[in-house]
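The values are calculated or read from the model by the stated rules, or taken from the named source; none is laboratory data. Worth saying up front: this structure is predicted, and the values here are computed from it rather than measured. Neighbour counts run over all protein chains shown; Cβ positions are idealised from the backbone, glycine included.
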Amino acid sequence: MTMEQEISLGSEPHAMFVSYNAFDLILGELVPQMQEVSQSVYGHTNPARIEQLGWRVGLAIVERFGSTKGDTLEIMKFICKDVWLVLFRKQIDNLKTNHRGVYVLTDTQFRLFQRMSRPTPSETIAMATPYLEFPAGIIRGILEALGVKASVKAETPGFPTVVFHITTMH
Amino acid sequence: MTSKPLKAVGEEVWKTKIDKVNAELVALTYGSLVAQLCRDFENNYDRVNEQLDKMGYNIGLRLIEDFLARSGIGRCSSFKDTAEVISKVGFKMFLNVVPRVSNWSADGKTFSLYIDDNPLADFVELPPQSENLWYSNIYCGVLRGALEMTQMQVHAEFVSDVLQGHAATEIKVQLLQILKDEIPAAEE
């Protein structure tokens, strides 16, 4: 049985559906809201809080939709295909691994960037960073829920590409 | 208004023009956000409610364009029409539920939406001592923001919620004034 069959994201016969647009509108507001809250509660923006929100969502996705174990590469493929497709309506474009615990995932059209106006190169990093924390947290949460401890670092080499560097720990 | 019954309009839009996603995914994402807000505000639920309302307001401002484009709904002739459109087309098209519209005030300016099957509240259990938390308060903001974009200034608030052990989930919507045709100032 493949990972895709074991963890189904919404293909259950009795699943309820809502509009993806409603979901997209919520996704688009998560980061600005969390930043506003951090600012008012802690007096500064706090990217770790956004990462944590993503992590919660990642854990919840596995809790709700499946709890199987495959090898780490299978789990990465599941994230790249199923999870990304259902969350962001596209798959991760590229998955590389050194087969020694390091995985590099590249999304060349990251969805949460779509609503942002195209920043100048010097603004890019500062503006984009909080938006990267959310999916990085999701990946870390899913991996953790499936038994893989990992650190996930996200960066944007150029708008609207995002690269996730995942280092698994043994 | 279109000549077709609104219920049929809503159903047709839902069937033919909407990209759909598993409701549980949306519910768990929203739930993660509410949980995090409760932590950040140290269970000050008034502030959580306020933040959810604000978030909804921002969404409402953006959502109306998509709503009008997909539904083809034109200007409503009365606030009663507006209420029916919100329920049968708006809620239907975004959340696939049709809240009951009822409890009209004598002056026709206040009504209630009863949401029997709240998709956001699936599998939700509120923490103890959270009587002040209106978990789905984002709806109030969405209504306020979307209606403001169509020149109606409203106040929307939760009256009761089955999550709080109440018999029904009820949002009261009150028309405050009809705005003049101008671009509303963005709220920050």
Checklist entry - Of everything in region B:39-59 that's in a helix (DSSP H, G or I) and at pLDDT below 95, which residue is nearest to the other protein chains (Cβ to nearest Cβ)? => result B:ASP40
Next on the checklist: For region A:37-77, give me the residue count where each residue is within 13 Å of chain B (Cβ to nearest Cβ) and either in contact with a Cys (Cβ under 9 Å, 6 or more places away or on another chain) or hydroxyl-bearing (Ser, Thr, Tyr) (or both).
Outcome noted: 4
Checklist outcome for this item: Cβ pairs under 9 Å, 6+ apart or interchain, first in region B:85-96 and within 7 Å of another protein chain (Cβ to nearest Cβ), second buried (at least 23 other Cβ atoms within 10 Å of the Cβ) and outside any helix (DSSP H, G or I), ordered by first then second residue, are B:MET93/A:SER19; B:PHE94/A:VAL18; B:PHE94/A:SER19; B:LEU95/A:VAL18; B:LEU95/A:SER19; B:LEU95/B:ILE115; B:ASN96/A:VAL18; B:ASN96/A:SER19
Checklist entry - What are the residues in region B:5-38 that are surrounded by 18 or more Cβ atoms within 10 Å (Cβ to Cβ), more than 10 Å from every other protein chain (Cβ to nearest Cβ) and under 21 Å from A:ASP24 (Cα atoms), if any? => result B:GLY10, B:VAL34
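Would you point out which residue out of A:LEU143, A:LEU95, A:LEU105 is closer than 23 Å to A:GLY28 by Cβ and either surrounded by 13 or more Cβ atoms within 10 Å (Cβ to Cβ) or at pLDDT 95 or above (or both)?
Just one listed residue meets the conditions, A:LEU105.
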Checklist entry - Taking region B:7-34 only, how many residues are in contact (Cβ under 8 Å) with a residue 12 or more places away in the chain and of a type in the set (Gly, Ala, Ser)? => result 4
Checklist outcome for this item: Taking region B:106-128 and keeping residues touching a residue at least 12 places away in the same chain (Cβ under 8 Å), within 15 Å of B:LEU175 (Cα to Cα) and surrounded by fewer than 19 Cβ atoms within 10 Å (Cβ to Cβ) leaves B:GLY108, B:LYS109, B:THR110
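For (1) modelled with pLDDT under 85; (2) under 25 Å from B:ALA23 (Cα atoms); (3) not β-branched (Val, Ile, Thr), each residue gets a yes or a no:
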position: A:THR72; (1), (2), (3): no, no, no
position: A:VAL83; (1), (2), (3): no, yes, no
position: A:ARG111; (1), (2), (3): no, yes, yes
position: A:GLN114; (1), (2), (3): yes, yes, yes
Item to check | Test: B:LEU133 is touching a Phe, Trp or Tyr at 6+ places or on another chain (Cβ under 9 Å), within 25 Å of B:LYS15 (Cβ to Cβ) and buried (at least 19 other Cβ atoms within 10 Å of the Cβ) | outcome: no
Next on the checklist: Just to be sure I understand, how many residues within region B:136-155 are crowded, with 19+ Cβ neighbours inside 10 Å and out of contact with any Gly (no Cβ under 8 Å at 6 or more places or on another chain)?
Outcome noted: 3
Checklist entry - Across region B:55-79, what is the total count of residues that are buried (at least 22 other Cβ atoms within 10 Å of the Cβ) and among the basic types (Lys, Arg)? => result 0
Checklist outcome for this item: Those helices (runs of 4 or more DSSP H) completely within region B:75-188 that have 1 or more residues that are closer than 20 Å to A:GLU29 by Cα and not charged (D, E, K, R) are B:92-95, B:138-149
